[in-house]
Every structure is written in C-alpha cells, then in structure tokens.
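First up is the structure itself, then whatever we jot down about it.
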Amino acid sequence: QKEVEQNSGPLSVPEGAIASLNCTYSDRGSQSFFWYRQYSGKSPELIMFIYSNGDKEDGRFTAQLNKASQYVSLLIRDSQPSDSATYLCALQTGANNLFFGTGTRLTVIP
Amino acid sequence: DAGVTQSPTHLIKTRGQQVTLRCSPKSGHDTVSWYQQALGQGPQFIFQYYEEEERQRGNFPDRFSGHQFPNYSSELNVNALLLGDSALYLCASSSLEATQQETQYFGPGTRLLVL
C-alpha cells in the first residue's frame, strides 16, 4: 500500500515569509515526486517535479528530496497572497500513475 | 496549444443512474488517466488508458469503466450511482514517449453531484 502523508494544516504565513510544506511516503520504490497547487474549486496545477536527491529550484519554489528518509518538501520563498491554495504532494510509481496526499492548505496573510 | 478539456463541467444525477464523462487530452499526449477527488481529499487514481486499452487500475469497483478512442480522447462511465460517487472527476493526460519523469497535466474537472 502506497501512502503519502502531508503535514497537517492549515498553514498560515505572513506575506514575504517562507512557507514550508512537507510530505513523507512509504513506498521506497517511488521514483518521481510532484507538487501540485490547487485553488479552491479548480483542478490541480503542476508546480514542480523532482526525482534526484537534493534540491531543485524554480523561481520562488524549491523542492527537496531525501529518498533515504523518504520525505519530500516544498519551500515557497517571498510568499504572496496569490500563493494561498492547497498544495498536493504526489508520487509516481513505475506504473506512471500518481498517488496523492490529502494536501496542505496554505494561507498567506497580507 | 489546447490543454486538457473535460465535459461537462457540472452534472447532477440521482442514485442508480448512469453517467458518462468525457476528456480530450493535451495536444501530443496519448495517455489519459482518471482520478476521483472527494471534498477535502487528494485525487485518487481510477484507471489509465493507453492505446485504447486500460493499462492500470486503482481500487475502484467495476461500476467504473472507461474507454479510449483512436484520437486519444477518453470517457469515464459510472453505473448505478451512489451518493458517495459525488466528487470532482479529473482527467489527466501525459505521453509515454516522454522521459521517465512523465508529468500529468490535469483538465478542469467535472463536478458530479449524486442526489
């Protein structure tokens, strides 16, 4: 059984701060990891994917992967009110389908 | 370049009825996956279609079935609807020609309400 656990929310940060979102997973065979952002009433939107241990940066977003500890995180620097959304962590198995966590709701306070 | 499209956007059905949801993949994509997202939950994988065949299936009953057409578009059918089938149904497309880090892009979803 593949399980993806995300840190319980909701998470509130002031505008301009760093938001840290964490995710742990149970399946050591997982190969790729994805972060999706989902605004209320909308569908998930891909932010980043990561498959190698270490950090991957894209603009204000940094994904971190540690396969030995089975966790993946997403850092959002200089958080903006428009970043307020639910962030979904997902892992991809060799079968190419995605297993999602329940999501963490982030609120950026102006 | 058209993204993933789904129809209809909203649907209301009653228990016991049948429903068909439709999806057209992103241009250049040949694989379609369907997910169910209940309120407050993450999406759950239903099944995936490639080359007009069901390639993978999640833990959903046989009431959930699908089809993929030669133009790569897909349908999700749900029979004998239950109240618990009320959810956002998401279609995602991808390409198996891509690298190992195949990414799935989601359509806008169909919100189904079963009364």
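The values are calculated or read from the model by the stated rules, or taken from the named source; none is laboratory data. Treat the numbers as computed from the prediction; the structure is a model and nothing was measured. Glycine gets a Cβ as well: all are built from the backbone with ideal geometry, and neighbour counts include every protein chain shown.
Taken over region B:26-64, the criterion of being part of a loop (DSSP other than H, G, I, E, B), more than 13 Å from chain A (Cβ to nearest Cβ) and either in contact with a Cys (Cβ under 8 Å, 6 or more places away or on another chain) or without any contact (Cβ under 8 Å) to a residue 40 or more places away in the chain (or both) is satisfied by B:Ser27, B:Glu51, B:Glu52, B:Pro61, B:Asp62, B:Arg63.
So is A:Thr107 over 29 Å from B:Ile46 (Cβ atoms) and either part of a strand (DSSP E or B) or under 14 Å from the mean Cα position of the chain (by Cα) (or both) or not? Criteria met by A:Thr107.
Condition check ((1) in contact (Cβ under 8 Å) with a residue 40 or more places away in the chain; (2) within 11 Å of chain B (Cβ to nearest Cβ); (3) outside any loop (DSSP other than H, G, I, E, B)) across all residues:
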| site | (1), (2), (3) |
| --- | --- |
| A:Ser20 | yes, no, yes |
| A:Ser30 | yes, no, no |
| A:Tyr36 | yes, yes, yes |
| A:Gly41 | no, yes, no |
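The set of residues in region A:15-33 being within 19 Å of A:Gln92 (Cα to Cα), surrounded by 12 or more Cβ atoms within 10 Å (Cβ to Cβ) and of a type in the set (Gly, Ala, Ser) consists of A:Ser26, A:Ser30, A:Ser32. The combined condition, being under 16 Å from A:Arg28 (Cα atoms) and in contact with a strand residue (DSSP E or B) (Cβ under 9 Å, 6 or more places away or on another chain), is fulfilled by A:Tyr51.
Taking region B:65-83 as the range and being in contact (Cβ under 8 Å) with a residue 24 or more places away in the chain and either touching a helix residue (DSSP H, G or I) at 6+ places or on another chain (Cβ under 9 Å) or over 21 Å from B:Gly3 (Cα atoms) (or both) as the test, the residues that pass are B:Asn77, B:Val78, B:Asn79, B:Ala80, B:Leu81, B:Leu82, B:Leu83.
Can you pull out the residues in region A:1-11 that are surrounded by 14 or more Cβ atoms within 10 Å (Cβ to Cβ) and either at pLDDT 90 or above or on the phi > 0 side of the Ramachandran plot (or both)? If the condition is that a residue be surrounded by 14 or more Cβ atoms within 10 Å (Cβ to Cβ) and either at pLDDT 90 or above or on the phi > 0 side of the Ramachandran plot (or both), then A:Val4, A:Glu5, A:Gln6, A:Leu11 are the ones that fit.
Out of A:Leu65, A:Leu88, report the one residue that is over 23 Å from B:Gln48 (Cα atoms), of a type in the set (A, V, I, L, M, F, W, C), surrounded by 16 or more Cβ atoms within 10 Å (Cβ to Cβ) and in contact with a Gly (Cβ under 9 Å, 6 or more places away or on another chain).
From the options A:Leu65, A:Leu88, the qualifying one is A:Leu65.
Every condition in (1) in contact with an Asp or Glu (Cβ under 6 Å, 6 or more places away or on another chain); (2) at pLDDT below 95; (3) part of a strand (DSSP E or B); (4) not β-branched (Val, Ile, Thr) holds for A:Phe99 except the one numbered (1).
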